[in-house]
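Undergrad: For reference, the structure I am asking about is given below.
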Amino acid sequence: TAEGWLKEMSSEDQSTLWNGYIETLVKIHALDPAELKLDFLAKPELGASPLDQELAYYENFYAWAYPEGGHPYVEPALAWLHANRPPEPEQKRLVWGDARIGNMIFQGPRCAAVIDWEMVFVGNPVADLAWFITMDRVFTEGIGLERLAGIHDKAATIARWERNVARRASDYEFYEVFAAWRFAVIMARVFLQMKHYE
């Protein structure tokens, strides 16, 4: 969003890219983890459900990554997540985990491949939608940049995803906080590393 090929595209091509991103997400979220034999993605030692497991995984990561503890944003957000946990969806789907344009390979404005799957899990695909929108906000308003002309806003992105998957983005607010919290946990570690090596 600051410089480079995406910014230099026409607004029409930017819109094509954005819509193609959503279509790619929809294809991922249509996959049946059981058919793909992805049981190995479960972390039963961390909890009974996929959401329990993801929360516990990142709590453990936070304890390791930020041994100082007491982060003024991470810990209140974690308490909110525990207090506002939504029910698990009946139909669990593949969740990419790090769903963002920077993890896609393009031919022109069209997605050719998705990469970077180390955050993948099986659960509610709304987690991907919320992560994508949150990362877009981080790399625009989070660093003082305006949105590109062809890139759709949050409401339009959610509406298009809902139309394409023929389901509501239920519990979006929870997964938006979950996305921001995960990103804060990861960046807390990055900032400590930067401080260490300065």
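Undergrad: Take residue 146 and tell me if it is part of a loop (DSSP other than H, G, I, E, B) and under 20 Å from residue 30 (Cβ atoms).
TA: no
Undergrad: Moving to a separate point now. Among 132, 174, which is the only one that is farther than 28 Å from residue 3 by Cα, at pLDDT 95 or above and open to solvent by less than 40 Å² (accessible area, probe 1.4 Å)?
TA: 174
Undergrad: Right, here's the next one. In region 150-198, what residues are β-branched (Val, Ile, Thr), over 13 Å from the mean Cα position of the chain (by Cα) and farther than 25 Å from residue 20 by Cβ?
TA: Once the filter is applied, which keeps residues that are β-branched (Val, Ile, Thr), over 13 Å from the mean Cα position of the chain (by Cα) and farther than 25 Å from residue 20 by Cβ, region 150-198 yields 185, 190.
Undergrad: Just checking, does region 150-162 include any residue being modelled with pLDDT of 95 or more, open to solvent by 10 Å² or more (accessible area, probe 1.4 Å), closer than 22 Å to residue 33 by Cα and of a type in the set (D, E, K, R)?
TA: yes
The values are calculated or read from the model by the stated rules, or taken from the named source; none is laboratory data. Keep in mind that what you see is a predicted model, and the values were worked out from it rather than measured. Ideal geometry is used to build each Cβ from the backbone, glycine not excepted, and the neighbour counts take in all protein chains shown. The area values use the complete protein model at the heavy-atom level, side chains included, leaving out ligands, DNA and RNA. Shrake-Rupley method; radii C 1.70, N 1.55, O 1.52, S 1.80 Å.
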